[in-house]
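Only one structure is covered here, and it is reproduced in the block below.
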Amino acid sequence: MALAQTFFVFEPLLLPFEHRNSPTSQKYLIETMGGGIALLDYDGDGRLDLFLVNGGKLEDPSGPKPDFARGEPAYGNRLYRQTGSGNFEDVTERVGLRDGPNVYGMGVATGDIDNDGDVDLYLTGYGENTLYRNQGDGTFRGTGEAKAGGWSVSAAFLDFDNDGWLDLFVARYLEWSIATNILCGTPFHAYCRPDKFRGVTNVLYRNEGGGRFRDVSRETGIGAIVGKGMGVAVNDYDGDGFADIFVANDGMEQYLLHNEKGAAFREVGLEAGVALSGDARSYAGMGAAFADYDNDGRPDIVVTNLALEKYALYRNEGGGSFRYATLESGLAAQTARHSGWGVGLHDFDNDGNKDLFAAQGHVLDNVERIQTGLRYEEEPGLYWNRGGKFQAAALGLAPVAGRGAAFGDINNDGRVDVAVSVLGGKPMILMNRTGPPGVTVRLRGTKSNRDGAGATVKAKGQTVYVSTGGSYLSASDGRVHLAGKVERVEVCWPGGKVQSAVIGPGPVATITEKP
């Protein structure tokens, strides 16, 4: 049963952007998978800006080397700068992001790769990926680093070796190409299931400094793990001071990559209890969130998947093990007929408990003709956390084919807002209008990476991990949100150094790492 009360207001910001996925009768898989979105402060003015990843042009049918027409305005990415009036202006051409390689766009990751105080952009796609370095003068420059190749989906920046420089993990999906595409389904053609194609390896890049990245997939063990990666989320699940990686895989077991003290990664999904559902089945893992929903100080995991599979919730039991908690938490009943993509665990109503938000919509654009009772377009899902039990809220929004979801305090009022990308449509901006505000905390690393990615912030029973990654195809505000009137916090910086800090009044506070 959905709760009638809602604290969200849908505010269309009249952005002219429209995601172009170019659906065809060939049912190319890339058509239904895209829609990256990011909330970031690219110009350092203290206000979150909005970046949107476009798909590309597809002919029906397309040749083996299609022109995705990314140089045409209708098919290009867009960066919208938030102005002082709270509106957004298109600055894509001004900042040097209008032109790019001929790829079909997918996702976006954000992070300060050179510790200069300016957030940089990494874009994934079918073909190759692009790293754009923020020049600090209001413009970006493509670097030619970390191209990956193949079909990349989600990505996340993290400092896996705690050397103070952000590294990069890239999830890749399938061994698929337009030339090898096949038609599936009778009597109606549909996008094929992932089991029709072989999986591929993910990629890990080490930041060598100076804006240079080196592929360390083989030497860290990442290159030996074949999967069908979609969502990526980062946290330190065992509290050893090193960032671990969760990968949501489509149609197979999920992966938990344990960080072996910054030297290598070991896949421990099965032994940790996060690989399968409660009845030992695989599912269509799509988006992922890695956060502490029950305030026990240990990060838990949520994975979105397709209708009839139920979103997966894994409760961290400590000692490196998790327990499948979908049934007991109420998520099974609430999500059984929903299909989820981008997802986040954030405290939207400022009651001290992290709630769950998911961008929703089926992968098949003709699912209603194939399976009665399911829907292609769905309302985004908001599930309130009431003492560890999740209850659906009725948002009253129009159904869409939701894909990416980014989270952050857009108007700096102490409340977490949401930006949702829509496949083949215009983005949704959900402004949070709850009662008492919380506080947003910005970290400034000195020995650690500049934005404190990988740090943990604790206050009043709340534990929040610093990361812009997670969700699906998306990047969120790297600042931390805490509920209530917080006067003192404890920060555990990457590597284990603990710092206590007093924060002043106001919705936004800054904590600088002490030497």
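The values are calculated or read from the model by the stated rules, or taken from the named source; none is laboratory data. Since we're looking at a predicted model, the values are computed, not measured. A quick note on method: Cβ atoms are made from the backbone with ideal geometry, for glycine too, and the neighbour counts reach across all protein chains shown. With ligands, DNA and RNA removed, areas are computed over all heavy atoms of the protein, side chains included. Shrake-Rupley method; radii C 1.70, N 1.55, O 1.52, S 1.80 Å.
So what are the ³J(HN,Hα) numbers for the stretch 43-53, from phi and the Karplus equation (6.51, -1.76, 1.60; θ = phi - 60°), rounded to whole Hz, Gly and Pro as x?
9, x, 8, x, 10, 6, 9, 10, 10, 10, 9
Return the FRET efficiency for the residue pair Ala336, Arg433: r is the Cβ-Cβ distance, R0 is 35 Å, and the value is rounded to the nearest 0.05.
Taking R0 as 35 Å, the efficiency between Ala336 and Arg433 is 0.75.
Computed FRET efficiency, Cβ-Cβ of Thr83 and Gln135, R0 30 Å: what is it to the nearest 0.05?
That pair, Thr83 with Gln135, gives E of 0.90.
What does the charge dipole of the stretch 192-284 about its Cα centre add up to, to the nearest 20 debye, if the Cβ of each Lys and Arg holds +1 and the Cβ of each Asp and Glu holds -1?
480
What distance in nm separates the two pseudo spin-label positions at Lys196 and Asn295, each 7 Å out from Cα along the beta-carbon direction?
The answer from the label model is 4.8 nm.
How high is the relative contact order of the chain, in percent, counting Cα pairs under 8 Å that sit 6 or more residues apart?
Relative contact order of the chain: 15 percent.
Could you give each residue of the stretch 454-470 its phi-based ³J(HN,Hα) in whole Hz, using Karplus coefficients 6.51, -1.76, 1.60 with θ = phi - 60°, and x for Gly or Pro?
Result, rounded to whole Hz: x, 7, 10, 10, 10, 6, 6, x, 9, 10, 10, 9, 8, 6, 8, x, x.
List the residues whose amide H sits under 5 Å from the amide H of Gly251, counting only those 5 or more places along or on another chain, with H placed 1.01 Å from N in the peptide plane.
Counting only residues 5 or more places away or on other chains, the set is Tyr283, Ala284, Gly285.
Could you pull the accessible area for Lys460 with a 1.4 Å probe, rounded to 10 Å²?
Answer for Lys460: close to 130 Å² accessible.
Considering the dipole of the chain built from charges on the beta carbon (Lys and Arg +1, Asp and Glu -1) around the Cα centre, which of Leu183, Phe51, Gly469 is farthest to its positive end?
With unit charges placed on the Cβ atoms, the residue in question is Leu183.
Based on Cβ point charges of +1 for Lys and Arg and -1 for Asp and Glu, what charge dipole magnitude is obtained for the stretch 391-511 about its Cα centre, in debye rounded to the nearest 20?
220
What ranking do 128-140, 162-174, 226-238 get when scored by the average of other Cβ atoms within 10 Å per residue, highest first?
Packing proxy ranking, top to bottom: 226-238, 162-174, 128-140.
Please list 439-445, 327-333, 108-114 highest first by mean number of surrounding beta-carbon atoms within 10 Å per residue.
Result, highest mean first: 108-114, 439-445, 327-333.
Using a simple charge model, +1 on the beta-carbon of Lys and Arg, -1 on the beta-carbon of Asp and Glu, nothing else, what dipole does the stretch 350-419 show about its Cα centre, in debye to the nearest 20?
Approximately 240 debye in magnitude.
How many angstrom lie between the Cα centre of the stretch 172-197 and the Cα centre of the stretch 445-515?
42
How much length would be gained if the chain were fully extended between Glu328 and Glu368, taking 0.36 nm per residue of separation minus their Cα-Cα distance, in nm to one decimal?
11.4 nm
Kindly state, to the nearest 0.05, the FRET efficiency for Glu175 paired with Arg218, given R0 = 22 Å and r defined as their beta-carbon distance.
The value I calculate is 0.75.
Which values, in whole Å and largest first, are the semi-axes of the equivalent ellipsoid of the stretch 77-193 obtained as the square root of 5 times each eigenvalue of the Cα gyration tensor?
So the three semi-axes of the stretch 77-193 are 31, 20, 13 Å.
With a cut-off of 20 Å, note down the residues of the stretch 44-66 whose backbone N falls inside the zone around a label point 7 Å from the Cα of His189 toward its beta carbon.
Zone members listed by number: 56-66.
Report the gain in length on full extension from Ala398 to Arg266: 0.36 nm times residue separation, minus Cα-Cα distance, nm rounded to one decimal.
Net length gain for the segment: 43.3 nm.
What Cys residues in the chain have no fellow cysteine's beta-carbon under 4.7 angstrom?
Isolated Cys, the chain: Cys492.
Using θ = phi - 60° and the Karplus form 6.51 cos²θ - 1.76 cosθ + 1.60, what ³J(HN,Hα) does each residue of the stretch 180-191 get, whole Hz, x for Gly and Pro?
9, 4, 10, 8, 10, x, 9, x, 9, 5, 9, 5
Where in the stretch 278-309 are there chymotrypsin sites (Phe, Trp or Tyr not before Pro) that are in a DSSP coil and have at most 12 other Cβ atoms within 10 angstrom of their Cβ?
Filter output for the stretch 278-309: empty list.
Ignoring everything except DSSP H segments at least 4 long, calculate the 222 nm mean residue ellipticity for the chain; use -39,500 (n - 2.57) per segment, divide by total residues, nearest 500.
Taken over the chain, the calculation gives -500 deg cm²/dmol.
Please give, to one decimal in nm, the separation of the simple spin-label points placed at Lys65 and Ser321, each 7 Å out from Cα toward the Cβ.
Reported label-point gap for Lys65 and Ser321 is 5.5 nm.
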